[in-house]
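So the structure is just underneath, and the comments pick up after that.
The values are calculated or read from the model by the stated rules, or taken from the named source; none is laboratory data. Remember, it's a predicted structure, so these values are computed and weren't measured experimentally. So basically every Cβ, Gly included, is an ideal-geometry build from the backbone, and we count neighbours across all protein chains shown. We work out accessible area using only protein heavy atoms, side chains counted, and drop any ligands, DNA or RNA first. Shrake-Rupley method; radii C 1.70, N 1.55, O 1.52, S 1.80 Å.
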Amino acid sequence: MKYLLLFTLGFLLAACSKGPDSPRGFSLPEGDVERGEQVFLQYDCLSCHRLQGYDAVVKDRELEKPIVLGGTVTKVKTYAELLTSVINPSHRLASGYERDQVTGDDGESLMRNYNDVMTVSELIDLVAFLEAHYDLDPYAQSHYQMYYP
Ligand code: HEC
């Protein structure tokens, strides 16, 4: 039974794979923007980032020159890029910055990795919140008929 499930999952993933930049590729289930805002604040993303409308919230800055999130002046153009920049920050570094401003001595992104602390539900909501601040290429939402949050 377990193997059948794995097989089916693998098949479904393979069937959808049109490359990470494809707007048709894959999306997380629909998130809750307000809860996503809470996640954004709770994980202190603003200690290294700036986001329009959230200047007043910042207490401690970790980066001298914070990385601006959102808008159109960014490399993040697709849903996949946005998601990837959260779960694998070093995969593609934000453009328009000096390298030593965004990476440490090891060449990796200065951004923290949240994969072991953030729940999937939090990630889903966070991405829904961030998405509203980006001007992303249109994409088709994946259907989750069997998804019960
Ligand atoms: C310790 C500092 C730090 C923290 C905390 C941090 N980031 Fe980042 N983040 C960075 C740096 C540096 C970059 C630029 C390098 C890169 O692209 O990985 C970045 C890049 C990004 C990008 C891509 C920006 C673009 O336009 O290319 C997104 C999206 C992002 N971060 C979201 C978040 C979210 C959401 C959180 C909170 C859960 C967060 N970051 C917390 C340092 C941080």
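Points worth noting:
- Residue that is farthest from the ligand (Cβ to nearest atom) [pool: residues in segment 39-74 that are touching a Ser or Thr at 6+ places or on another chain (Cβ under 8 Å) and among the β-branched types (Val, Ile, Thr)]: 58
For (1) aliphatic (A, V, I, L, M); (2) more than 17 Å from residue 36 (Cα to Cα); (3) in contact with a helix residue (DSSP H, G or I) (Cβ under 9 Å, 6 or more places away or on another chain), each residue gets a yes or a no:
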residue	(1), (2), (3)
64	no, yes, yes
71	no, yes, no
101	no, yes, no
128	yes, no, yes
142	no, yes, yes
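- Count - residues of segment 46-85 that are assigned to a loop (DSSP other than H, G, I, E, B), farther than 19 Å from residue 117 by Cβ and of a type in the set (A, V, I, L, M, F, W, C): 6
- Counted residues, segment 117-142 - those being of a type in the set (Asp, Glu) and either under 16 Å from residue 87 (Cβ atoms) or crowded, with 16+ Cβ neighbours inside 10 Å (or both): 3
- Criterion applied to 43, 54, 97 was being modelled with pLDDT of 95 or more and out of contact with any Pro (no Cβ under 6 Å at 6 or more places or on another chain), and the one residue passing it is 43.
- Restricting segment 46-65 to residues that are without any contact (Cβ under 8 Å) to a residue 24 or more places away in the chain and within 17 Å of the chain's Cα centre (by Cα), the residue that is surrounded by the fewest Cβ atoms within 10 Å (Cβ to Cβ): 47
- Restricting segment 86-114 to residues that are open to solvent by 80 Å² or more (accessible area, probe 1.4 Å) and in a helix (DSSP H, G or I) leaves a set whose member that is nearest to the ligand (Cβ to nearest atom) is 91.
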